[in-house]
Structure formats: structure tokens, C-alpha cells
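Report on one structure; see the data block that follows.
Where a number appears in this text, it was derived from the coordinates with a stated rule and is not lab data. What you see is a predicted model, and the numbers here were worked out from it, not measured in a lab. Positions of Cβ are backbone-derived with ideal geometry, glycine not excepted, and every protein chain shown enters the neighbour counts.
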Amino acid sequence: MGLTVDGARRFVELAAEAMEAHREYLTELDSAIGDADHGINMSRGFKKALEKVSGGSYQDIGGVFKDVAMALMGSVGGASGPLYGTLFMKMSMKLAGKREATLAELSEAMAEGVRGIVALGKAEKGEKTMLDALYPALEALSSGSDEASALEGAVSAAEEGMKSTIPMLAKKGRASYLGERSVGHQDPGATSAYLLLSCLKEAVVA
Ligand code: ADP
Ligand code: MG
Ligand code: MG
């Protein structure tokens, strides 16, 4: 089980579709605790990523993710652009030269990407950010009785993690300006992180 170069391209297509389909929803979530642009940011970023990746020819998964990173960094002004840009840039470095990545390699690359998000954004677990979906997903990815259930478990864990942000007090990003008023709302970035994990699951081949 793992990801191929074509699978990585498929992931970008799926992500662009998902961000477009959930544009209003993500923006609505961001209107409660932010500046109402997360859906706009994510759909714009992944549209650019898809344009870039559709036009390119790739020898390795790293190349695909590097172009995703560049597109996100270059087109998303908000906090999520550099943060997701870093995730994909770090993943691309781990997956450079690979035409196929096993689930274990993919999980290692994701771990590196998440460390990149932490290095840049300095957020910790429980501070109501995308990390609250990404950390549990990573943990689930390296457990599970077999690869298929580990992958399935990662998506469920991301969903649980996304929901777990509802009662959290935001400590990072724009939502933190609201203090106690951030409680009771689902974090937009944790929601997009869950959506991205669902897309990754669909793009992985048995
Ligand atoms: P902006 O807040 O600049 O408008 P977006 O709305 O696109 O950017 O993204 C907001 C999301 O970014 C939040 O919901 C949160 O998940 C994530 N985020 C913000 N700051 C951080 C941080 N320091 N570390 C990790 N994630 C963060
Ligand atoms: Mg915003
Ligand atoms: Mg903004």
C-alpha cells in the first residue's frame, strides 16, 4: 500500500475538488472565529496547485509536492498558506527521488511536514489549530492492525481531532484574539486538514 507519482497528482485533483466543494463551509467556520477567508484561501491555493501540477511532468512524488508547496506559498496570503506550504515542502524533501512511497514512508514524510508547521507556527497540541487534526492522524497512521485500517484510522482520527477543537480556547492565529469567545466553534484549519487527509486516503493505492 502506498502513494505513486500518479497518486500524488490524483491527490492534488481531489484536494482542489474538496476545497472548492467546501469553500463556503470553511469560510463560514472562519467567519465565526477569524476573518472569513479560509475557504477562499484554500480553494484558491489548491486551484493554483492543480494548474501547476496538471501542466508538469514528474519523475518523483517529491516534485509534485514541491509544486503544491510553491503554489500554496505563492497564492495564499493567510496564515494557512505558509503553514500548509511548509507541510508540503517538508514532505517533498522526504519524498524526493521516490516514484513510490510505502505507507510508512508517507507517514514519516507527514511527520516531518508537521514538525515544519510547528517550527514555523510555534503551536502546540490543544491550541485549536490544524495540528489538532494532524497530530492524531499521524499517530493513527503508525498504529492499526494493518495498513488499510491504519489509513482508515488516520482519517477518523483527523475527524475526531477536528471536532475536538470545538470546546478549545484558541491560543494561536487570529482566533486567539477572541479569547473565550473562540470556545464553541470548530477550527477552520483543523477542518481543512481533515479534508486533505480524506483526499490522501483516496489517492493511496492498495
Ligand atoms: P488567516 O487566519 O491568516 O486568515 P486562514 O484563515 O487561511 O488564515 O487560516 C486559519 C487557520 O490557520 C486556523 O484555523 C488554524 O488552524 C491555522 N493556524 C493559524 N495560526 C496557526 C499556527 N501558529 N500554527 C498552526 N496553525 C495555525
Ligand atoms: Mg482567515
Ligand atoms: Mg486572512
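Legend: residue pairs Lys94/Lys163; Lys172/Lys201; Lys128/Lys163, Cα-Cα distance threshold 21 Å; pairs beyond threshold, Lys94/Lys163; Lys172/Lys201. Sorted from longest to shortest, the spans of the Cα atoms of region 3-205 along the three principal axes equal 48, 38, 29 Å. Among Lys90, Lys52, the ranking by other beta carbons within 10 Å of each residue's beta carbon, starting with the fewest, stands as Lys52, Lys90.
In terms of packing, defined here as the mean over residues of other Cβ atoms within 10 angstrom, the peptides 1-9, 37-45 line up highest first as 37-45, 1-9.
Basic side chains Lys and Arg get +1 at the Cβ, acidic Asp and Glu get -1 at the Cβ, and with that the dipole of region 80-143 about its Cα centre reaches some 200 debye.
Helix content alone sets the calculated 222 nm mean residue ellipticity of the chain: runs of n ≥ 4 DSSP H residues at -39500 (n - 2.57) each, divided across all residues, give -22500 deg cm²/dmol.
Given +1 at the Cβ of Lys and Arg, -1 at the Cβ of Asp and Glu and no other charges, the dipole of the chain around its Cα centre is 660 debye to the nearest 20.
Gain in length, Ala206 to Asp35, computed as 0.36 nm per residue apart minus the alpha-carbon separation, to one decimal in nm? Intermediate values should be presented prior to the final figure.
Working: separation 171, 0.36 × 171 = 61.56 nm, distance 4.01 nm.
Here the segment from Ala206 to Asp35 would lengthen by 57.5 nm.
Compared with the dominant principal axis of the Cα atoms in the chain, helix 147-164 is inclined by about 20°. Rounded to the nearest 10 degrees, the inclination of helix 61-75 to the longest alpha-carbon principal axis of the chain is 30 degrees.
Among Tyr135, Tyr177, Tyr194, the largest mean-square fluctuation in a Gaussian network model of the chain (Cα springs under 10 Å) belongs to Tyr177.
Give me the net charge of Ala137's neighbourhood, meaning all other residues with Cβ under 12 Å from the Cβ of Ala137; Lys, Arg count +1, Asp, Glu -1. Write down the numbers at each step before the final one.
Values: positive: Lys201; negative: Asp132, Glu139, Glu152, Glu159, Glu160.
Around Ala137, the surrounding residues sum to -4.
Under a Gaussian network description of the chain, with springs only between Cα atoms under 10 Å, the residue in Thr27, Thr86, Thr129 that fluctuates furthest is Thr27.
Taking all Cα pairs closer than 8 Å and separated by 6 or more residues, the relative contact order of region 3-205 comes to 23 percent.
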